[in-house]
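Asker: Okay, here's the structure, questions in a sec.
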Amino acid sequence: MMGQETSPHNGSDMAFAPENAAMEPAGHNDPPGKPWKVLIVDDERGVHDVTHLSLKNFEFAGRGLHFLDAYSTESARHILNTHTDIAVALVDVVMEDEYAGLDLVRYIRQTLGNELIRLVLRTGQPGQAPERDIIREYDINDYKEKTELTAQKLYSTIYTSLRSYSDLLALESNRRGLEHIVRASARLFTTHTTDGFIQSVLEHLVGLLYLDEDIQSASCESFVSEQRGDHNAVIAATGRFTNLIGTDPDRGMDNALHTLVRQARNKRQSIIRDREFIGYFRPRDDHDNIIYITGTRPLSQRDLGLIDLFLHHVSVAYDNALLHNEIQDTQRDMVYMLGESIETRSRETGQHVRRVAEYSRLLAIGAGLSEREADIIKAAAPLHDFGKISIPDVILHNPGRLTADEWEIMKTHASIGEELLGRSEREILKVASIIAGQHHERWDGNGYPRALKGTNIHIYGRIGAIADVFDALGSKRSYKEAWPLDRIVQFFVQERGEHFDPNLVDWLLENLTLFKMVRARYPDA
């Protein structure tokens with residue numbers, strides 16, 4: 001490595017950053033980062049020696065140079081395949097043949113697809129490769145005759161090339177980061193969960209702060225932790241903290257870091273100490289969040305501006321996602337309460353609708369439906385008997401056998417529930433409409449209200465039928481005692497392919513333990 005060394009920051013002081021104020025780092029010059037890689041491709045050893053000597057004390061952005069020497073284009077190709085982060089290549093045009101250097105340029109740009117490396121062609125025989133033709137036909141950044149490359153001009157050429165390379169790195173990092181954030185935002189808007197969004201943005205943030213470092217390396221580490229009441233967990237992380245995601249961050253902290261985090265949380269302020277940043281932010285009144293970042297150098301004012309932007313956007317994402325989740329939870333609770341009120345009216349336990357919801361989700365997964373669709377079915381299933389709201393009490397509460405006329409009235413609850421719920425354009429209620437209307441259909445076509453048969457019955461209806469009957473048989477009713485599990489299993493074996501979808505019955509019987517766990521979780525009073 002060539003370049004001057006500077007003293008590392010001693011890192012003993014720390015500063016509290018006032019809320020809503022600019023945060024200043026701990027006032028030290030950045031130590032040198034890893035050197036810029038410069039590839040010299042020339043078959044003359046003297047050219048290598050002169051280049052090394054001329055750039056011996058070169059430094060750009062606090063970083064020196066590391067030379068990679070290739071005396072043939074074959075050797076250069078090997079180096080280029082091994083080192084993907086070469087900033088500048090000084091390439092002789094004429095080596096093995098008069099076009100060897102030009103062929104190498106084409107290999108770099110077209111075969112390797114490397115558009116970032118800055119290519120400077122050098123030639124001792126300019127007449128063989130006219131400058132205008134080379135610049136027009138090849139994607140190079142400069143073209144120099146060896147005789148004109150004095151030490152000063154070589155210095156200027158490398159300096160401008162590295163500036164261009166550094167700018168391109170930033171643009172490329174921004175492009176990749178934007179792709180991450182767009183994908184993460186899509187997940188945020190479709191799932192309304194913040195975990196993937198925050199992880200993607202955190203990775204991009206660390207990538208921008210330490211542009212030339214591997215964010216998984218030990219030198220660049222970060223995490224975001226969330227505290228709600230007594231619950232504290234890491235929700236996004238890079239480096240060695242990655243394995244802490246979902247766990248208490250105290251597990252991965254030494255005493256010094258634990259003290260800093262506690263101070264930041266108690267004072268509700270961010271702390272900057274040497275190469276460490278501990279940021280405090282509150283996306284909502286009931287959330288205390290900490291972001292921790294450390295890397296190879298102290299953070300600059302520009303770095304702190306990026307972090308501030310991160311905190312702002314993550315806070316907005318949190319607020320929106322949490323608000324959406326709160327609305328969803330409220331809707332879910334209302335659906336359960338409505339389903340329970342209907343079951344209570346028919347003198348059945350409210351736990352029935354919760355078990356049917358859980359059974360329906362299990363069966364949906366068993367049928368090969370997606371997690372999202374299974375969750376929607378679970379949310380809709382509590383309304384499977386919604387139409388009973390229209391059935392007279394004298395029929396609904398009759399403990400004995402219904403007359404033929406009463407039975408015909410009772411059967412109307414399926415079509416009434418389907419019609420009422422079907423008036424909504426909301427996805428959950430539309431699924432609930434299907435379940436309400438078809439969960440009394442039979443696989444053999446002898447069900448009601450439309451005598452649908454086989455796969456003409458919607459999969460939601462087939463799932464609802466099994467979930468409802470499985471729970472009803474195992475529950476005590478005014479007209480019967482609860483059946484033991486072995487009798488329920490025998491019933492489903494007999495009704496496989498008659499009343500119920502045979503494939504769903506097979507899956508139910510193979511996974512009875514899961515259904516028993518649901519009943520244990522939601523027992524009747």
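We did not get these values from a lab; they are worked out from the coordinates using the rules stated. Since we're looking at a predicted model, the values are computed, not measured. With ideal geometry, Cβ positions are generated from the backbone for all residues, glycine too; neighbour counts draw on all protein chains shown.
Asker: Hey, fewest Cβ within 10 Å first, where do Lys430, Lys388 land in order?
Answerer: The order, fewest Cβ neighbours first, is Lys430, Lys388.
Asker: Sum up the charges of everything whose Cβ sits under 10 Å from the Cβ of Val120, counting Lys and Arg as +1 and Asp and Glu as -1, but leave Val120 out.
Answerer: Every neighbour counted, the sum reads +2.
Asker: Order these by the 10 Å Cβ neighbour count, fewest first: His384, His397.
Answerer: Fewest to most other Cβ atoms nearby, the residues stand as His397, His384.
Asker: What is the calculated FRET efficiency for Asp167 to Tyr107, with r their C-beta to C-beta distance and R₀ = 30 Å, to the nearest 0.05?
Answerer: 0.80
Asker: Report the far tail of the P(r) of segment 410-452, meaning the percent of Cα-Cα pairs longer than 12 Å.
Answerer: Percentage above 12 Å: 53.
Asker: Here's a follow-up. Mind jotting down the distance between the C-alpha centroids of segment 460-525 and segment 70-126, whole Å?
Answerer: Between the Cα centres of segment 70-126 and segment 460-525 lies a distance of 71 Å.
Asker: Excluding Arg265 itself, calculate the net charge of residues whose Cβ lies under 11 Å from the Cβ of Arg265, where each Lys or Arg counts +1 and each Asp or Glu counts -1.
Answerer: Charge balance near Arg265 sits at +3.
Asker: Calculate, for Arg372 and Glu408, the FRET efficiency according to 1/(1 + (r/R0)^6) with r their C-beta to C-beta distance and R0 22 Å; round to the nearest 0.05.
Answerer: So the FRET efficiency works out to roughly 0.05.
Asker: Further question on the same structure: So what's the net charge close to Val47: Lys and Arg +1, Asp and Glu -1, counting the other residues with Cβ under 9 Å from its Cβ?
Answerer: Summing Lys/Arg as +1 and Asp/Glu as -1 gives -2.
Asker: To the nearest 0.05, what FRET efficiency results for Thr82 and His312 with a Förster distance of 41 Å applied to their C-beta separation?
Answerer: Taking R0 as 41 Å, the efficiency between Thr82 and His312 is 0.50.
Asker: Whole number please: convex hull volume per residue, Cα atoms of segment 346-521, in Å³.
Answerer: Hull volume normalised by residue count: 113 Å³.
Asker: Still on this structure, please answer the following. Could you work out the relative contact order of segment 394-518, using alpha carbon pairs under 8 angstrom and six or more residues apart, expressed as a whole percent?
Answerer: For segment 394-518, the relative contact order is 18 percent.
Asker: Could you give the length gained on full extension between Asn503 and Asn243, defined as 0.36 nm per residue of separation minus the Cα-Cα distance, in nm?
Answerer: Contour length minus the Cα-Cα distance gives 89.6 nm.
Asker: Run the paramagnetic zone check for Asp43: 7 angstrom along Cα to Cβ, then residues of segment 78-94 with backbone nitrogen under 20 Å.
Answerer: Counting only backbone N, you get 78-80, 90-94.
Asker: Now a separate question. How would segment 449-525 be classified by its alpha-carbon gyration tensor: rounded, prolate or oblate, with rounded meaning a/c under 1.5 and the a/b versus b/c comparison settling the rest?
Answerer: prolate
Asker: Further question: For a 25 Å ceiling on Cα separation, which of these pairs sit above it: Lys37/Lys144; Lys388/Lys516; Lys476/Lys516?
Answerer: Lys388/Lys516
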